[in-house]
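J.: Could you have a look at this structure, given as structure tokens, before my questions?
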């Protein structure tokens, strides 16, 4: 089957988590939690787990349940030099240019952060649009509403002609359930049985015969 559109997760998908950028973001999220809800630092991990299970992320949970300023939290947790963590990836650029069809970012992070990351990677101009945390608030991935909102924003008429790529198993499974050809990326997590394909790195796109 030829696909018309590709929806890429950003963090952990278009760059490897070993660069440390996600760890830095997670540290900033911890700091935001302690600003909004003073609690013993040792309770932060369990609190984040609860928010992740209920809302798909900590920041939307804080906004919905505790009135945290969602815009301010996104800015705080993504306001740093991405150049300190990632660099240009010409191999990825060439692969993206070979993909026939429209290409979008579908991320639970902040649009302006996503633009900075894509620019540093050297692939910003490879994408037709970005769907970010604000676009899908308060139901980020893996909520079905996030995928349906992405299709609505991009006016993609047929989910069966769309590919979704993400490093998180539950997101890959959710994309499959919504009708996408779902690709799980990375080796940090075991492949979800519902993922239609798996690749160890985004640079291995060519190994998926259905895409080419």
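Every number here is computed from the coordinates shown, using simple stated rules; none is lab data. Computed from a predicted model, the values in this text were never measured in an experiment. For neighbour counting, all protein chains shown are included, and Cβ atoms are generated from backbone atoms with ideal geometry for every residue, glycine included.
J.: Work the Kirkwood hydrodynamic radius out for the stretch 121-169: mean of 1/r over every pair of different alpha-carbon atoms, inverted, in Å.
T.: Radius from the Kirkwood sum: 12.1 Å.
J.: Averaging over all projection directions, find the projected area of the Cα convex hull of the stretch 45-158 and quote it in nm² with one decimal place.
T.: 8.1
J.: Something else now. With 10 angstrom as the radius, rank 51, 39 by how many other C-beta atoms surround their C-beta, starting from the fewest.
T.: Fewest to most other Cβ atoms nearby, the residues stand as 39, 51.
J.: I'd like to compare 111-121, 84-94, 66-76, 4-14: which one has the highest average count of other Cβ atoms within 10 Å, and what's the full order after that?
T.: 4-14, 111-121, 66-76, 84-94
J.: Another question about this same structure. Bin width 10 Å, origin at 0, all Cα-Cα pairs of the stretch 123-212: what percent of pairs per bin?
T.: 17, 47, 34, 2
J.: Quick one: P(r) of the stretch 96-145 from all Cα-Cα pairs, 5 Å bins, percents rounded to integers, in order of increasing distance.
T.: 5, 21, 26, 21, 16, 10, 1
J.: While we're on this one: State the Cα centre-to-centre distance between the stretch 156-212 and the stretch 73-115 in whole Å.
T.: Between the Cα centres of the stretch 156-212 and the stretch 73-115 lies a distance of 18 Å.
J.: Just the number: Rg to Rh for the stretch 21-78, Cα atoms, Kirkwood Rh, two decimals.
T.: Over the Cα atoms of the stretch 21-78, Rg/Rh equals 0.92.
J.: Estimate the FRET efficiency between residue 66 and residue 43 by the formula 1/(1 + (r/R0)^6), using the beta-carbon distance for r and 22 Å for R0, to the nearest 0.05.
T.: So, using R0 = 22 Å, E works out to roughly 0.95.
J.: How big is D for the stretch 1-53, in µm² s⁻¹ as a whole number, if Stokes-Einstein is applied with the Kirkwood radius of its Cα pairs at 25 °C and 0.890 mPa s?
T.: For these conditions, the coefficient is 182 µm²/s.
J.: How much of the calculated P(r) for the chain lies past 25 Å, in percent of all Cα pairs?
T.: Percentage above 25 Å: 36.
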